[in-house]
Amino acid sequence: MSAGRVAVVGASAAGLAAAEALRRHGWQGELSLIGAEPHLPYDRPPLSKQVLSGAWAPERTWLRTREQLDSLGMDVRLGVSVAEMDSGARSVADRETGVRHLTLSDGSGLDCAGVIAATGLLARAFPGAEGIAGVRGLRCMDDAMALREQLSTPGRRVAVVGNGVLGSEIAAVVRESGHEVALIGPSATPMEHTVGPFLGGLLARAHDARGVALYGGRLVESLGTVAGAVRSVLLDDGTELAADLVLTATGSTPATAWLAGTEGLDLSDGLGCDAYCAAAPGLYAAGDVARWHHPVYGRALRVEHRMNATEQGMAAARNLLAVLRPGLGLTATPFAPVPYFWSDQYDVKLQAYGLLTPGGQTHTQIVDGDRPSAAALYGEDGLATGVAAAGLPPRTVRALRAVIATPAPWDEALIGFKEALG
């Protein structure tokens, strides 16, 4: 009897990790890796840093070579997307066993014993920018290379719209490349919605010291154009900024349109899954698109960070196989990581573990007043759930992680937090 086929939809870090884990754990059936982009699976964090700055060639971001992918015995389909899943009528038997049919954008179809969704995110469209030259986003390799080409012209006046993680990183790279930069966003300080005003203020000082014009707490009202090309940005307080290049980093949405025709799925914010990363029989999810029940925090999470993509891809593959092939001896395990992310801006490295709750209970501490080094402890409902640190050595950051590896009573965690910082 044929082992059937497993399709991993999304040739991303999460998708690649899932495909490799399937083979490593004993899947000997057909395996398809489907990616909408024409590129080999690549690492995305360098796009807003080393690739955008020109320090890295695109090939340096590849996660695997073509030869390494071929060694897995996979059917790799790049430049092809899944148009829909489970189109048309399906039998009761198919619904019970999780057999699913994928219709691809090239008109072909695949019947699958299992599917792992790893389609990631799509950049949110910037209102009023359609058809205006000089307005660009950064979500994929092609975006990064197009922006790099435009930034090769010296003396650009660049407005970065969105002062979250991506926008703040872009602003740093563009400023270090010698261009005039204005960073505009709804929060008062860079990344404030993520790390709070204390560490946001530290990042603001780093940008300000290097000549970035900060417009926190502002929104873009409209774009001024000449002959169809952007020439200025009008803010909601009446401020008008000259700009011949506008880089938008105003958020993203999970790429779930291909799942819209499948009954019984929760697509309210990504693909809703249980603690095992299962959305439905035969359908699992990993990475930015997955919203799963975290058994330790007791809530649904959708984590848009690189480390989570790899870890969840491996977990989803293992848990799918535990159900699909019980004879392999695998046991399905709840996915319960300590979330982690980092951001590099100039010489400041910011790292965070756990759940950051800037609107909840927070304790902050400056570690060294002579350089941008500081840390923050976050919590809610009497429990400490997260830490963030900027400019601290790895040993200290690891000690901070241990404080919140599992949610701990606030007072107890605060003692550990202070001890870790010495």
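Scanning the range 277-297 for residues being surrounded by fewer than 24 Cβ atoms within 10 Å (Cβ to Cβ), free of Cβ contacts under 8 Å to residues at least 60 places away in the same chain and in contact with a Leu (Cβ under 9 Å, 6 or more places away or on another chain) gives a total of 4.
Looking at 318, 306, which one is in contact with a Ser or Thr (Cβ under 8 Å, 6 or more places away or on another chain), outside the structural domain of residue 188 (by TED's automatic domain parsing) and basic (Lys, Arg)? Walk me through it before giving the result.
On the way: 306 fails: in contact with a Ser or Thr (Cβ under 8 Å, 6 or more places away or on another chain).
Only one candidate passes the filter, namely 318.
Of all residues in the range 194-218, those satisfying the criterion of being of a type in the set (A, V, I, L, M, F, W, C) and within 22 Å of the chain's Cα centre (by Cα) are 195, 199, 203. In the range 259-273, the qualifying residues are those that are under 18 Å from the mean Cα position of the chain (by Cα) and touching a residue at least 24 places away in the same chain (Cβ under 8 Å), and the one that is surrounded by the fewest Cβ atoms within 10 Å (Cβ to Cβ) is 269.
For the range 335-354, a residue qualifies if it is surrounded by 23 or more Cβ atoms within 10 Å (Cβ to Cβ) and not in a strand (DSSP E or B), and exactly one does: 335. Scanning the range 381-405 for residues that are within 23 Å of the chain's Cα centre (by Cα) and part of a loop (DSSP other than H, G, I, E, B) gives 391, 404, 405. Scanning the range 6-28 for residues that are closer than 17 Å to residue 109 by Cβ and touching a Gly at 6+ places or on another chain (Cβ under 6 Å), we see that the one that is surrounded by the most Cβ atoms within 10 Å (Cβ to Cβ) is 8. Condition check for residue 191 on (1) under 21 Å from the mean Cα position of the chain (by Cα); (2) of a type in the set (A, V, I, L, M, F, W, C); (3) under 14 Å from residue 245 (Cα atoms): one failure, at (3). Among the residues making up the range 47-62, those that are surrounded by 18 or more Cβ atoms within 10 Å (Cβ to Cβ) and either of a type outside the set (S, T, N, Q) or touching a strand residue (DSSP E or B) at 6+ places or on another chain (Cβ under 9 Å) (or both) are 47, 49, 51, 52, 61.
Of all residue pairs spaced 6 or more apart or on separate chains, those with beta-carbon atoms under 7 Å, a first member in the range 380-405 that is at positive phi and a second member that is surrounded by 21 or more Cβ atoms within 10 Å (Cβ to Cβ) and in a loop (DSSP other than H, G, I, E, B) are 391/372.
Residues of the range 202-222 being assigned to a loop (DSSP other than H, G, I, E, B) and under 18 Å from residue 162 (Cβ atoms), which ones?
Initially, the range 202-222 is screened for residues assigned to a loop (DSSP other than H, G, I, E, B), giving 210-212, 217-219.
212, 217, 218, 219, listed by residue number.
State which residue is nearest to the chain's Cα centre (by Cα) when the search covers only the range 223-251 and only residues that are assigned to a strand (DSSP E or B) and polar (S, T, N, Q). Spell out how you get there, then give the answer.
Let us first name the residues in the range 223-251 that are assigned to a strand (DSSP E or B), namely 223-226, 229-235, 240-242, 245-248.
From what's left, polar (S, T, N, Q): 225, 232, 248.
Details: 225: 32, 232: 30, 248: 16 Å.
Ranking the qualifying residues of the range 223-251, first place goes to 248.
Residues satisfying the criterion are absent from the range 186-200 (criterion: assigned by TED's automatic domain parsing to the domain that holds residue 16, part of a loop (DSSP other than H, G, I, E, B), surrounded by fewer than 23 Cβ atoms within 10 Å (Cβ to Cβ) and aliphatic (A, V, I, L, M)). Taken over the range 280-313, residues that are within 20 Å of residue 25 (Cβ to Cβ), small (Gly, Ala, Ser) and at pLDDT 95 or above amount to 6.
Taking the range 298-324 as the search range and keeping residues that are without any contact (Cβ under 8 Å) to a residue 60 or more places away in the chain and in a loop (DSSP other than H, G, I, E, B), which one is surrounded by the fewest Cβ atoms within 10 Å (Cβ to Cβ)? Applying the filter and picking the extreme gives 298.
Among the residues in the range 239-258, are any without any contact (Cβ under 8 Å) to a residue 24 or more places away in the chain and within 20 Å of residue 156 (Cβ to Cβ)? Within the range 239-258, one or more residues are without any contact (Cβ under 8 Å) to a residue 24 or more places away in the chain and within 20 Å of residue 156 (Cβ to Cβ). If you check residue 19 against the conditions, is it at pLDDT 95 or above, hydrophobic (A, V, I, L, M, F, W, C) and assigned to a strand (DSSP E or B)? No.
The values are calculated or read from the model by the stated rules, or taken from the named source; none is laboratory data. This structure is a prediction, so every number in the text was calculated from the model and none was measured. A quick note on method: Cβ atoms are made from the backbone with ideal geometry, for glycine too, and the neighbour counts reach across all protein chains shown.
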